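This report refers to the structure that appears directly beneath it.
The values are calculated or read from the model by the stated rules, or taken from the named source; none is laboratory data. Quick caveat, the model's predicted, so the values are computed rather than measured. Cβ atoms come from the backbone with ideal geometry, glycine included; neighbour counts cover every protein chain shown.
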Amino acid sequence: MDSQQTPSRLAVIGDVHSCAAQLERLLTKLPPGYEPVFVGDLVDRGPDPVGVLDAIIDNNFRVVRGNHDDKLYRALKGNPVQVGPDLAFTLERIRSQPAGWRERLVSWLAGLPTALVFPGIAIAHAYWSPTCPPDEHLWGPRFHDEEGTIFRVRWWDVPAYWTPGIQVVFGHYHLPVLTPHAVCVDFGAPEGPLAAYLTDTHQFIVEPPTKVARK
């Protein structure tokens, strides 16, 4: 977790999921003076993971780690992970890049925080509280039943999970949430829009999806 002392005019951008063209257009819509900050899940699902990673790393944008980014990092480090079609496509595109590019990516992924905290604002991929473990930043609160089935908690509806005086801005769930204590910025890209939330005006800027097939 990274704590920031001075608040900025932030534009918190939802799960990009390899939608480089959509991201490029959204960034041009941001008002002057706003700093883009990303809630993670930069890769998988969409057509251009390399384009997204280049845009974000080259511009030194701030990002919190999402569960897809974490899984990519573990795969690139050689740790055992389940590789489905989305991750397989991402890995294929990344492994086609020069060795120096891949090494820079692994180093960058290793340094991603799981949360950024500003006065009155916390940014995490799925959930944040002052005491929750980093795994909950990536996945949100969950519990298992007696058969081992995982259930996700709709924590924004449960006051026990709120932190007084903090609005948590998150992605992961692609659900409409906009309350004084919780804002979801995942609008479902690549099938849905990509959104940015302006933390001072509490407004969304939305870029419609792009119908681009994987190559």
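Data table
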{"item": "Test: residue in region 61-77 that is of a type in the set (Gly, Ala, Ser) and more than 19 Å from residue 8 (Cβ to Cβ)", "result": "yes"}
{"item": "Some residue of region 5-18 being more than 25 Å from residue 210 (Cβ to Cβ), out of contact with any helix residue (DSSP H, G or I) (no Cβ under 8 Å at 6 or more places or on another chain) and surrounded by 13 or more Cβ atoms within 10 Å (Cβ to Cβ)", "result": "yes"}
{"item": "Of residues in region 97-114 being of a type in the set (S, T, N, Q) and in contact (Cβ under 8 Å) with a residue 24 or more places away in the chain, the one farthest from residue 37 (Cα to Cα)", "result": "97"}
{"item": "Test for residue 182: is it within 15 Å of residue 41 (Cα to Cα), of a type outside the set (Val, Ile, Thr) and either at pLDDT 95 or above or over 17 Å from the mean Cα position of the chain (by Cα) (or both)", "result": "no"}
{"item": "Residues located in region 82-102, provided they are surrounded by fewer than 16 Cβ atoms within 10 Å (Cβ to Cβ) and farther than 13 Å from residue 53 by Cα", "result": "82, 83, 84, 85, 88, 92, 95, 96, 98, 99, 100"}
{"item": "Qualifying residue in region 175-183 (condition: in contact with a Leu (Cβ under 8 Å, 6 or more places away or on another chain) and in contact (Cβ under 8 Å) with a residue 12 or more places away in the chain)", "result": "no"}
{"item": "Residue match in region 95-104 (condition: among the aliphatic types (A, V, I, L, M), in a helix (DSSP H, G or I) and under 19 Å from the mean Cα position of the chain (by Cα))", "result": "no"}
{"item": "Scope region 135-189; condition crowded, with 20+ Cβ neighbours inside 10 Å and of a type in the set (Val, Ile, Thr); matching residues", "result": "168, 169, 183, 185"}
{"item": "Among (1) under 24 Å from residue 51 (Cα atoms); (2) at pLDDT below 95 - the single one residue 151 does not satisfy", "result": "(1)"}
